[in-house]
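S.K.: My questions will all concern the structure given below.
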Amino acid sequence: MRKFLRNTLLNRVSYCSSDFSNDELIKDAVIIAPHPDDETLGCGGLILRKLSRGAKISVIYLTDGSSSHSGYSSRHTLTLIRKQEAINACGILGIIKENIYFLDFPDGLLEKYKSEAREKLSVLLEKLNPPQIFIPSSREFPPDHYISAGITIEARTKAGLQTDVYEY
């Protein structure tokens, strides 16, 4: 049974996804991460492949990650820890610090800050003008993930970009 489920899942993933051509891999990209760690968990392999082909990768974190382990530390302490972990993780992947952006909206409350987040993100996207943007799936839970997807699409439009958008 376990082998059947594994093969079914692998077939479904193969059916729903496709590999990027070299022309797509060499394009610069922005990764939108609702929380610190989403860029690595969702796009870590892609980031490595794109960087190995000379693409410039930028990561934009929408929230501060302060709710991830709220029972263990204060929001302020978690924000500092998660930010440093994100910088370290990006460094390990090969992303330079100048290409890492933190918008610092409160983790778990992105819905409340949608308008402000859209404004900040549109300005940043206009400045970066990436040929590709990677966003969390619009069907992904928790809410910060699918809200990030919607905010990014709206910010892209507001910035007047014709950028290709991919969900991870």
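The values are calculated or read from the model by the stated rules, or taken from the named source; none is laboratory data. Everything quoted here is computed from the prediction, not taken from an experiment. FYI the Cβ positions are ideal-geometry reconstructions off the backbone, even for glycines, and counts take in every protein chain you see. In case anyone asks, the SASA skips ligands and DNA or RNA and just uses the protein heavy atoms, side chains included. Shrake-Rupley method; radii C 1.70, N 1.55, O 1.52, S 1.80 Å.
S.K.: For segment 49-75, give me the residue count where each residue is aliphatic (A, V, I, L, M) and touching a helix residue (DSSP H, G or I) at 6+ places or on another chain (Cβ under 6 Å). Steps first, please.
M.R.: Here is the first cut: in segment 49-75, the residues aliphatic (A, V, I, L, M) are 51, 55, 57, 59-60, 62.
Adding the requirement that they be touching a helix residue (DSSP H, G or I) at 6+ places or on another chain (Cβ under 6 Å) leaves 57, 59, 62.
Going through segment 49-75 one residue at a time, the tally reaches 3.
S.K.: Moving on to the next point. Considering only residues that are open to solvent by less than 60 Å² (accessible area, probe 1.4 Å) and out of contact with any helix residue (DSSP H, G or I) (no Cβ under 6 Å at 6 or more places or on another chain), look in segment 103-112 and name the one that is nearest to residue 33 (Cα to Cα).
M.R.: 107
S.K.: Still on this structure: If the requirement is being buried (at least 24 other Cβ atoms within 10 Å of the Cβ) and either within 26 Å of residue 142 (Cα to Cα) or in contact (Cβ under 8 Å) with a residue 60 or more places away in the chain (or both), which of these qualifies: 40, 63?
M.R.: Matching residue, one of 40, 63: 63.
S.K.: If I go through segment 81-102 residue by residue, how many of them are closer than 22 Å to residue 53 by Cα, part of a helix (DSSP H, G or I) and open to solvent by less than 50 Å² (accessible area, probe 1.4 Å)? Quick ask: steps written out before the conclusion?
M.R.: Let us first name the residues in segment 81-102 that are closer than 22 Å to residue 53 by Cα, namely 87-100.
Still in the list and also part of a helix (DSSP H, G or I): 87-93, 97-99.
Still in the running and open to solvent by less than 50 Å² (accessible area, probe 1.4 Å): 87, 89-91, 93, 99.
So the answer is 6.
S.K.: A further question follows. If you scan segment 113-124, which residues turn out to be open to solvent by less than 20 Å² (accessible area, probe 1.4 Å) and farther than 14 Å from residue 61 by Cβ?
M.R.: Residue satisfying the conditions is 122 alone.
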